[in-house]
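Novice: I am attaching a structure below and will ask some questions about it afterwards.
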Amino acid sequence: MKRGEDNELPVTRPRKGSGWAVLFAAAVALSASRAFAFDDFPVGARPSAFSGAFAAVSDDVNSLYYNPAGLATMTSPQVTAYYTRLLPNLSDGSNAGLTFMAYGHPLGKDGKWGTAGAGYTELSLQGLFDEQTYTAGYAKTLPWMNISVGANAKILSRKYGETADTLDAGQTLNPAVRLGISDPAFNGGKSSEKTSFDLGALARPLPNLSVGASLLNVNTPDMGLSSTDRVPMVTRLGADYTFPFLKAVADLTRRRYIGGQTDNRIAAGVERGWVFQRYGELRIRGGAGIGSRAWRQISMGMGYEVNGFGIDYVYQIPLGSFSGQGNTQQISLSFRFGRAPGEEELSSLVREEREATARAEEALKMAQAEAKFVTEDRNKLLVEMEQLKGQVQTMQSGKPAAGIPATPAADRVGASSLRERSARDRAQREFSAAYQAAMAAYTNRTQRGATLVERIKLLADIQGKYQDKDVDVSRTKAELERVQADLAQSQADYKITWDFYKKTVSDGADEVQRSSLLERMVRKYSRAGIDISDVKKELEALKKK
């Protein structure tokens, strides 16, 4: 029996009390629907908040499921666990659950040798039906391009439980009377196990833009028991653009479901994050999706991470064809070993700037080498032109010529000039990318509580480093002027406040009043980074009394 041939299904009637659970298991077993096949549901609360748009985000261990190339972006080990209940409004209270667990580990310092990952996914329905996926993945960033590639090897396992309905498919109108007819769908057994493979790529063509592509189940393994039932290949194309304080993502997913029908889905989401110096990182997310066969959904979620421990939550509302199956609440727990999230992001930006600068300097060296070659070849060309001129004059005088060069040197000079120009253009693009990473790192440090004095130093360093690299640093200049003005205002305010404190002392203020004023001054002006040593000494002296 081929998928989609619903008229060939054996006549079965669900027993009273089994309801949707039996229909669900029978539909999957007989391949009449692909609604619950491998890779049909987004996993992880964060990707689910984007409605599954994660092919180009892929900056954590969840990328093992969406785009294995994203593992290469990890700089510290991470483990995650996720669970959700699917279709909570089934009339008989059946529990269809989806579980995902994964671990990613960079190899070498900052993932120098790539990143390895392992994962486990399970879709189950109360012993009636169970799908399990065991995944091993690897990804690495290519040394000569800003591109990461990755691959997964997976073991897919599908099992059906032994119940009265799977052991006996024949039934009369009286539920109590069974005919003892075996279900032909299980003639080949009640389990199937095959190997599958995923491929992925992730690139950053612009400093704030990432694009990703992945092919899941490229070998489309046949999981059928008594008839062909291939797991469809899933194609994901995604983009991720990061603004100073907002991340915007989008994915296009394409796959085949019923009877070879192609389904297309578009999902998009946004994320806004706040990094607190001592209290971790908070992120708010939202997403929406639309696709074939009236697939619609919207999602809202949030995540919080502190000291490496993270919890993500999403509230998902299905619309369209699944609108009656109930809203779902999903939770992921994760732990990131090593640095805190703010430090992790900062480390990534610093590394990005360093790598872009190295690429730019390499391009400059190439351009300089080509320029030197052009100069040398131009001199040779002048000599050859003089020789050619003399040979032409000799031919005109009727004397035999010594020979005329077959390939003019001008061609070689022209090619070298083009290579020099191309190398210099590449260097300028890489310096621009490094500059954008440096400014992003500055923003990160600002969010984490950098003082005005520290910010001025960072901005001055960035301006001095890139203003002679043919990079537009107007943003840095404007920010530097603004922060310098803020510092000057803070210094003036501090002088006024310190003078006011001295006046309160001369007016006979008690120790409680003086301590309260001094503590407020420390809290306020420490953030500016100005010299408040006089205030600290005065406060320390009061505490000793």
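The values are calculated or read from the model by the stated rules, or taken from the named source; none is laboratory data. Everything quoted here is computed from the prediction, not taken from an experiment. All Cβ positions, even for glycine, are placed from backbone atoms using ideal geometry, and neighbour counts span all protein chains on display.
Novice: Please find, within the stretch 185-197, the residue that is nearest to the chain's Cα centre (by Cα) out of those that are charged (D, E, K, R) and modelled with pLDDT of 90 or more. Write out each step before concluding.
Specialist: Looking only at the stretch 185-197, we keep the residues that are charged (D, E, K, R), and these are 190, 193-194.
Now narrow it down to the ones that are modelled with pLDDT of 90 or more: 193-194.
On the way: E193: 31, K194: 29 Å.
Filtering the stretch 185-197 for residues that are charged (D, E, K, R) and modelled with pLDDT of 90 or more, the one nearest to the chain's Cα centre (by Cα) comes out as K194.
Novice: Would you check if K536 is assigned to a helix (DSSP H, G or I), modelled with pLDDT under 85 and either β-branched (V, I, T) or within 52 Å of the chain's Cα centre (by Cα) (or both)?
Specialist: no
Novice: Taking the options K365, K380, name whichever one is assigned to a helix (DSSP H, G or I) and modelled with pLDDT under 70.
Specialist: Answer to the check: K380.
Novice: Could I ask something else about it? Kindly list the number of the only condition in (1) part of a helix (DSSP H, G or I); (2) out of contact with any Phe, Trp or Tyr (no Cβ under 6 Å at 6 or more places or on another chain) that fails for D472.
Specialist: D472 satisfies every listed condition except (1).
Novice: Which count do you get for residues in the stretch 202-214 that are of a type outside the set (K, R) and buried (at least 17 other Cβ atoms within 10 Å of the Cβ)?
Specialist: Number satisfying all stated conditions: 8.
Novice: OK, next. Please work out if L518 is out of contact with any strand residue (DSSP E or B) (no Cβ under 6 Å at 6 or more places or on another chain), in contact (Cβ under 8 Å) with a residue 40 or more places away in the chain and assigned to a helix (DSSP H, G or I).
Specialist: no
Novice: Criterion first (in contact (Cβ under 8 Å) with a residue 24 or more places away in the chain and more than 30 Å from Y435 (Cα to Cα)) does K543 satisfy it?
Specialist: yes
Novice: Looking at the stretch 98-123 only, could you name the residues that are more than 18 Å from L156 (Cβ to Cβ) and free of Cβ contacts under 8 Å to residues at least 40 places away in the same chain?
Specialist: Within the stretch 98-123, H105, P106, L107, G108, K109, G111, K112, W113 qualify.
Novice: Can you tell me which of (1) surrounded by 13 or more Cβ atoms within 10 Å (Cβ to Cβ); (2) touching a helix residue (DSSP H, G or I) at 6+ places or on another chain (Cβ under 6 Å); (3) assigned to a loop (DSSP other than H, G, I, E, B) is the one G449 doesn't meet?
Specialist: In the conditions (1) surrounded by 13 or more Cβ atoms within 10 Å (Cβ to Cβ); (2) touching a helix residue (DSSP H, G or I) at 6+ places or on another chain (Cβ under 6 Å); (3) assigned to a loop (DSSP other than H, G, I, E, B), G449 misses (2) alone.
Novice: So in the stretch 472-531, with the set limited to residues that are acidic (D, E) and more than 28 Å from A434 (Cα to Cα), which one is farthest from the chain's Cα centre (by Cα)? Walk me through it before giving the result.
Specialist: To start, the set of residues in the stretch 472-531 that are acidic (D, E) comprises 472, 479, 481, 486, 493, 499, 507, 510-511, 519, 531.
Right, trim to more than 28 Å from A434 (Cα to Cα) and you get 493, 499, 507, 510-511, 519, 531.
Numbers: D493: 44, D499: 52, D507: 61, D510: 57, E511: 55, E519: 43, D531: 42 Å.
That would be D507.
Novice: On to the next question. Looking only at the stretch 516-541, count every residue that is farther than 23 Å from A488 by Cβ and loosely packed, with under 14 Cβ neighbours inside 10 Å and tell me the total.
Specialist: Of the residues in that region, 5 qualify.
Novice: Another question, if that's okay. Starting from the stretch 489-508, keep only residues that are in the same structural domain as L539 (by TED's automatic domain parsing), then list their pairs with residues that are assigned to a helix (DSSP H, G or I) and surrounded by 12 or more Cβ atoms within 10 Å (Cβ to Cβ) whose Cβ atoms are within a distance under 6 Å, requiring at least 6 positions of separation or different chains.
Specialist: These pairs meet every condition: Y494/Y525; T497/M521; Y501/L517.
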